[in-house]
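For reference, the structure is listed below as structure tokens.
Each value in this text was obtained by applying a stated rule to the coordinates, not by laboratory testing. Values in this document were obtained by computation on a predicted structure and should not be read as measured data. Because the Cβ atoms are built from the backbone with ideal geometry, glycine has one as well, and the counts that use them run over all protein chains shown.
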Amino acid sequence: MNVYSSVARIGIRSTIAAKPQRSVKPFIRTMAATPNGDLNNTSAERVRAETAIDPAYQDLSLAIPPSEDDFDIRKAYRPFILEGEDATQDWIAQLELSTVLKMVDTQVLKPGDDRLRVVVLHGSMRQRSYSRLLAYEASRILFRLGCDVRMYDPTGLPVKDDVQHTHPKVQELRELSKWSDGHIWICPEQHGTLTAVFKNQIDWIPLSTGSVRPTQGRTLAIAQVNGGSQSFNTVNSLRILGRWMRMFVIPNQSSIPMAYKQFTEEDAGSRLMPSGNRDRLVDCMEEFVKYTIIMRPHFDLFGDRYSEREEKRAKQAKEANKPAPDTQHAALSTSAGPSN
């Protein structure tokens, strides 16, 4: 038995010793060199050309000068404007935005087109509303980029019902939306979603008023402010709202955590302090302007739908086949026969 055991053990050891040890490194290198092993799919990445900075636009401002601005519009809709030295020394004036400034100058202003028309909505009426403060900062960036920016004040807007359509604040909001090329929506997060103040504004904007659609085809940028840690519940809800309103929501978005720590005190101007969150807001406004410039010339094209063309054709065919009023009356008289 000992002999057999010894032979068995020798055989097992021989079998184990005969197997060569596998090298893991070549296998890993092989996987990295194949598409299936390229976890980030870098092999399919499109090569992008770096955009050159045009020094002529580096420090430029395309803001509407006071001499060319409508006094009443400026007073009613531009509370964000900084005057004098505050404007020239402001952090927004120092931003490197040459690419988008050049786009606005060469594709909008020099050809003589209207400035991009932007409506800004915010979702709080508190005295120190952080969504309003963030809306101010967003508006200042857009204003420097040459946009005609108008901030709507929700104070006095009635709660949505089916009666007060002629209320001045309702009419004001609807007219601003019809006038606009794009919207900026900035809302606090409350109880895990957007506020009633903000939703009430959207509820007052109809999807259509006759043949006019106050939001369809407009571009939209979204942002939220948080009282606590960073969340994206509200911007997600805003994105869904924008889709339902038939708007084009830009891919980027901004969420400001612990907003009470992100702004200076009132005596220092209540300004957004330097951070990655501030940089993201700039990214969003820059991206919004680029998309709006590209899409605005095709505004009517985006509203052209097969189903609506078919509906219109069916209505026209029905009208064409409808008998004239006199013919219809004569046919009814004949079928009734002579009266006794």
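Structural remarks
- Zone residues, the range 51-69, relative to Gln89, backbone N less than 18 Å from point 7 Å out along Cα-to-Cβ: none
- Backbone amide hydrogens, once placed in the peptide plane, bring Phe248 within less than 5 Å of Gly217, Arg218, Thr219, Leu220, excluding anything fewer than 5 places away on its chain.
- Nitroxide proxy distance, nm - points 7 Å out along Cα→Cβ at Ala76 and Glu45: 5.0
- Whole-Hz Karplus values for the range 234-247 come out as 6, 5, 5, 5, 5, 5, 5, 4, x, 5, 5, 8, 6, 10 Hz, taken residue by residue from phi with 6.51 cos²θ - 1.76 cosθ + 1.60 and θ = phi - 60°; glycine and proline positions read x.
- Karplus-derived 3J(HN,Hα) values for the range 287-300, using 6.51 cos²θ - 1.76 cosθ + 1.60 with θ = phi - 60°, are 5, 4, 5, 4, 4, 5, 4, 5, 8, 4, x, 10, 3, 5 Hz; glycine and proline are entered as x.
- Debye, to nearest 20: dipole size of the range 55-150, +1 on Lys, Arg Cβ, -1 on Asp, Glu Cβ: 480
- Each Lys or Arg adds one and each Asp or Glu subtracts one; over the other residues with Cβ under 14 Å from the Cβ of Ala56, this totals -2.
- Each residue, Val212 and Ala268, gets one label point 7 Å from its Cα in the Cβ direction; the gap between the two is 4.5 nm.
- Using a cutoff of 8 angstrom between alpha carbon atoms and counting only pairs six or more residues apart, the relative contact order for the range 167-261 works out to 31 percent.
- Were the residues from Ser229 through Lys178 laid out at 0.36 nm apart, the gain over their Cα-Cα distance would be 14.8 nm.
- Sites Met258 and Glu96 - FRET efficiency at Förster radius 22 Å, r taken between beta-carbons, to 0.05: 0.20
- Measuring how big the range 111-257 is from its alpha-carbon positions, Rg and Dmax come out at 14.7, 47 Å.
- Distance between the C-alpha centres of the range 102-128 and the range 163-211: 18 Å, rounded to the whole angstrom.
- Unit Cα scatterers, Debye sum, the range 55-302: log10 I(q)/I(0) for q = 0.10, 0.16 Å⁻¹: -0.45, -1.24
- Counting neighbouring beta carbons within 10 Å and listing from fewest to most, the residues His183, His122, His191, His165 come out as His191, His165, His183, His122.
- For the range 55-302, a crude dipole built from +1 on the beta carbon of Lys and Arg and -1 on the beta carbon of Asp and Glu, taken about the Cα centre, is about 800 debye to the nearest 20.
- At R0 = 25 Å, FRET efficiency that the Cβ-Cβ distance of Lys312 and Gln164 yields, to 0.05: 0.20
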